[in-house]
Amino acid sequence: LATTLGFKVVVIDDRPEWATEMRFPNCERRLQTPQDFFFGDAIRATDWVVIVTRSHALDQEILERVAPMASAYIGMIGSRRKVERVKMRARAAGVRDEDLARIHAPIGLALGAVTPAEIAVSIAAELINVRRGAK
């Protein structure tokens, strides 16, 4: 969906059975661990980061790595409770409040989305909202 909205999408996953052309058409796919990708200065000020990994622990690790980096947008999927726990742990790990304040979480506009397709639409809607500078 994001590619049809003009975003260049890079899918990062270390599982070849998941990072496939069929699952992610028109996307660049990288078979590497997210930890390796987000190590160092992988993110630029023009990049948009959407954290939707397979585990809470990996979401936590990626958020802690990318929050201090310059980026146009960082969003993370999860319940409000999960988001608060992740932010609390990130603060304890030394991530600054100013960096955590930039995180859009839970990601997506409140559309009442339930299905994966509806959640994708709510995330895409938030990306459009931020890109267009809406409140």
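The values are calculated or read from the model by the stated rules, or taken from the named source; none is laboratory data. Since we're looking at a predicted model, the values are computed, not measured. Backbone-built Cβ (ideal geometry, glycine too); neighbour counts: all protein chains shown. The area values use the complete protein model at the heavy-atom level, side chains included, leaving out ligands, DNA and RNA. Shrake-Rupley method; radii C 1.70, N 1.55, O 1.52, S 1.80 Å.
Cβ-Cβ contacts under 9 Å between residues 6 or more apart (or on different chains), taken from a first residue in the stretch 82-103 that is closer than 12 Å to Leu63 by Cβ and at pLDDT 95 or above to a second residue that is polar (S, T, N, Q) and exposed (fewer than 13 other Cβ atoms within 10 Å of the Cβ), are absent. Within the stretch 106-135, being more than 22 Å from Arg23 (Cα to Cα) and open to solvent by 80 Å² or more (accessible area, probe 1.4 Å) holds for Ala110, Leu111, Arg131, Arg132, Lys135. For the stretch 1-16, a residue qualifies if it is outside any loop (DSSP other than H, G, I, E, B) and open to solvent by less than 60 Å² (accessible area, probe 1.4 Å), and the qualifying residues are Thr3, Leu5, Val10, Val11, Ile12, Asp13. Among the residues of the stretch 90-105, those identified as buried (at least 17 other Cβ atoms within 10 Å of the Cβ) and either hydrophobic (A, V, I, L, M, F, W, C) or touching a Gly at 6+ places or on another chain (Cβ under 8 Å) (or both) are Ala90, Val95, Leu100, Ile103, His104, Ala105. Scanning the stretch 17-47 for residues that are over 19 Å from Met69 (Cα atoms), open to solvent by less than 80 Å² (accessible area, probe 1.4 Å) and in a loop (DSSP other than H, G, I, E, B) returns Ala19, Thr20, Phe24, Pro25, Cys27, Gln32. For the stretch 54-135, the helices (runs of 4 or more DSSP H) that sit wholly inside it and include 2 or more residues that are among the polar types (S, T, N, Q) and in contact with a Leu (Cβ under 8 Å, 6 or more places away or on another chain) are 116-131. Considering the stretch 48-89, and only residues there that are of a type in the set (Asp, Glu) and within 21 Å of Trp18 (Cα to Cα), the residue that is most open to solvent (accessible area, probe 1.4 Å) turns out to be Glu61.
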